[in-house]
Amino acid sequence: MSGAGLPREARLLRPGDFAALRTSSGRAGGRCFHLRYRENGLGHARLGLAISKRVSKRAVERNRIKRLLRESFRRVRHQLPAVDLMVMAREQAAGVVGAELLLDIDGLWKKLLAL
């Protein structure tokens, strides 16, 4: 049953990777999400998520947003350039239905492909 999930090499895991994205990276933004990206030289894209309690106090809501983001990334990751990505949710994301969140993040993937 492996193969359907997001492999470990496609995720940002170390705090240093997140810190590098906070200091020197490109930016893109949508209504519900803010994206930071930076070339990684690995040959594939990696995803990191930063969904704070400011977005929603309820862990259920934050986890729903994370699941949607991971699934969206899993579908397009082979088309993306070799970059490290950090997606941060804005406060507006908590009250939005899943289909609208997916449209917003798909727009960010398209912006990234256009660069």
Q. What number goes with the only condition from (1) closer than 17 Å to ASP106 by Cα; (2) at pLDDT 90 or above that GLY30 does not pass?
A. (2)
Q) Only one of (1) without any contact (Cβ under 8 Å) to a residue 60 or more places away in the chain; (2) outside any helix (DSSP H, G or I) is not met by ARG64, so which one is it? A) (2)
**Q.** Hits in segment 100-115 - residues which are touching a residue at least 40 places away in the same chain (Cβ under 8 Å), among the hydrophobic types (A, V, I, L, M, F, W, C) and open to solvent by less than 50 Å² (accessible area, probe 1.4 Å)
**A.** LEU101, ILE105, LEU108, LEU112
Q. Is it the case that some residue within segment 4-23 is over 17 Å from VAL96 (Cα atoms), among the polar types (S, T, N, Q) and surrounded by 11 or more Cβ atoms within 10 Å (Cβ to Cβ)?
A. no
Q: Filter segment 24-50 for residues that are part of a loop (DSSP other than H, G, I, E, B), in contact with a helix residue (DSSP H, G or I) (Cβ under 9 Å, 6 or more places away or on another chain) and open to solvent by 20 Å² or more (accessible area, probe 1.4 Å) and give the result.
A: GLY30, ARG31, ASN40, LEU42, HIS44
Q. Any idea which of (1) more than 16 Å from GLY5 (Cβ to Cβ); (2) surrounded by 13 or more Cβ atoms within 10 Å (Cβ to Cβ) is the one ARG70 doesn't satisfy?
A. (1)
Q.
Can you say whether LYS57 is in contact with a Lys or Arg (Cβ under 9 Å, 6 or more places away or on another chain), open to solvent by 70 Å² or more (accessible area, probe 1.4 Å), of a type outside the set (Asp, Glu) and modelled with pLDDT of 90 or more, as far as the supplied structure shows?
A. no
Q: Working only within segment 76-99, note down all residues that are surrounded by 12 or more Cβ atoms within 10 Å (Cβ to Cβ) and part of a helix (DSSP H, G or I).
A: VAL76, GLN92, ALA93, ALA94, GLY98
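The values are calculated or read from the model by the stated rules, or taken from the named source; none is laboratory data. The model shown is predicted, which means the values in this text are computed figures rather than measured ones. FYI the Cβ positions are ideal-geometry reconstructions off the backbone, even for glycines, and counts take in every protein chain you see. All accessible areas refer to the heavy atoms of the entire protein, side chains included, with ligands and DNA or RNA removed. Shrake-Rupley method; radii C 1.70, N 1.55, O 1.52, S 1.80 Å.
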